[in-house]
Amino acid sequence: MLSKRVKSVLHFHFIVFIFGFTSILGVLIDKDAVSLVWYRMLIASIFLTVFLFFIKKKKFKFNFNLLYKLIGAGFLIAAHWLSFFHAIKMVGVSPTLAMLSSGALITAVLEPVFYKRKILFSEILFGAIAMIGMFVIFKTSPEDWMGMFVALVSMILAVFFTLINGVLIKENSSVIITHGEMVIGMGFISLYVLFSGGFDTSFFTITPSDFSYLIVLGSVCTAYAITFSIELMKQLNPFTIMLVINMEPIYGILLALLIFGDGELMSSGFYIGLSIILFAIILNSIVKGYQNKKRTKEGALN
């Protein structure tokens, strides 16, 4: 019988697979990054509002401490998605997703500072291995450095977003957290679009195919995936979360090859880099499993 933690890891892998499909939708949807993210957050907010207030019938109690953290998280997720989809429009699915491998090393350095715990050598080691994989990938496509840099910035924003959610989930509902982040994030983007004069006819013109893709993006890939990824932080620490997210490039690239064909084929060096990342993920899973077993055994003896 699978342990609760193993079930959580498998569930999160499924969510990361959905995240990988998000990049495909970013290519299929004929909208710029700003309007795409705005609609994504709007649709997610609507779904979560219906779920919270009409199905669960929950009442939201104002909490200033929660509010200012949600404002920070809402800004981070909005900025992360803007830079992520902008990178996809610049260099495509595969190079953008490959840059996500930097998240593990960044988290290994920042998580101990953020949560005031000691730095673990294993996390630095596996994060560094994942980073080596990223450099191998980068070396194979030097002409795409600007798009990859934008993707790297997107990953850094995602790390801080994950760290904040790791704090929020300790005392709050994952649904309420996600709902607040989507509403606040959409507010930030709305202000940007408003002052830049972007709310014109073309902004609100949506083709039937784009509308269908946006519904999937806002509901399954956002309302469901983000909510449960935050919920799983009750069982998984941020470093494990970020390391599993390194599977997103693999899932996304496989989907891109299946859907877009030869257009997404990369050089052999690119796939060598991805193999290095996968190697780090497998090693981390083995070490974490051993450490958990050891702690359980020591707890039973005490």
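The values are calculated or read from the model by the stated rules, or taken from the named source; none is laboratory data. Given the structure is predicted, the values throughout are model-derived calculations rather than measurements. Quick reminder, even Gly has a Cβ in these numbers, built from the backbone with ideal geometry, and neighbours come from all protein chains shown.
May I ask you to verify whether residue 191 is under 24 Å from residue 248 (Cα atoms) and modelled with pLDDT of 90 or more? No: the conditions fail for residue 191.
Looking only at the stretch 237-269, which residues are of a type in the set (Phe, Trp, Tyr) and modelled with pLDDT of 75 or more?
Just the residues of the stretch 237-269 that are of a type in the set (Phe, Trp, Tyr), to begin with: 239, 251, 260.
Scanning the stretch 237-269 gives 251, 260.
Find the helices (runs of 4 or more DSSP H) located wholly in the stretch 190-248 whose residues include 2 or more that are of a type in the set (Lys, Arg) and surrounded by fewer than 23 Cβ atoms within 10 Å (Cβ to Cβ), and list them.
Details: elements: 208-218, 225-231, 238-245.
Filter on the stretch 190-248 gives an empty set.
Of the residues making up the stretch 5-28, none is assigned to a loop (DSSP other than H, G, I, E, B) and surrounded by 14 or more Cβ atoms within 10 Å (Cβ to Cβ). I'd like to know if the stretch 253-266 contains one or more residues that are surrounded by 22 or more Cβ atoms within 10 Å (Cβ to Cβ) and either among the β-branched types (Val, Ile, Thr) or under 19 Å from residue 130 (Cβ atoms) (or both). Yes, some residue in the stretch 253-266 is surrounded by 22 or more Cβ atoms within 10 Å (Cβ to Cβ) and either among the β-branched types (Val, Ile, Thr) or under 19 Å from residue 130 (Cβ atoms) (or both). Residues in the stretch 88-123 that are over 16 Å from the mean Cα position of the chain (by Cα) and small (Gly, Ala, Ser) were compared, and the one that is modelled with the lowest pLDDT is 108.
Restricting attention to the stretch 1-58, the residues that are acidic (Asp, Glu) and either in contact (Cβ under 8 Å) with a residue 60 or more places away in the chain or touching an Asp or Glu at 6+ places or on another chain (Cβ under 9 Å) (or both) add up to 1.
Would you check if there is a residue in the stretch 32-42 being small (Gly, Ala, Ser), under 14 Å from the mean Cα position of the chain (by Cα), closer than 19 Å to residue 153 by Cβ and part of a helix (DSSP H, G or I)? There is no residue in the stretch 32-42 that is small (Gly, Ala, Ser), under 14 Å from the mean Cα position of the chain (by Cα), closer than 19 Å to residue 153 by Cβ and part of a helix (DSSP H, G or I).
If we keep just the residues of the stretch 1-40 that are touching a helix residue (DSSP H, G or I) at 6+ places or on another chain (Cβ under 8 Å) and among the basic types (Lys, Arg), which is nearest to residue 93 (Cα to Cα)? Taking the candidates together, the pick is 31.
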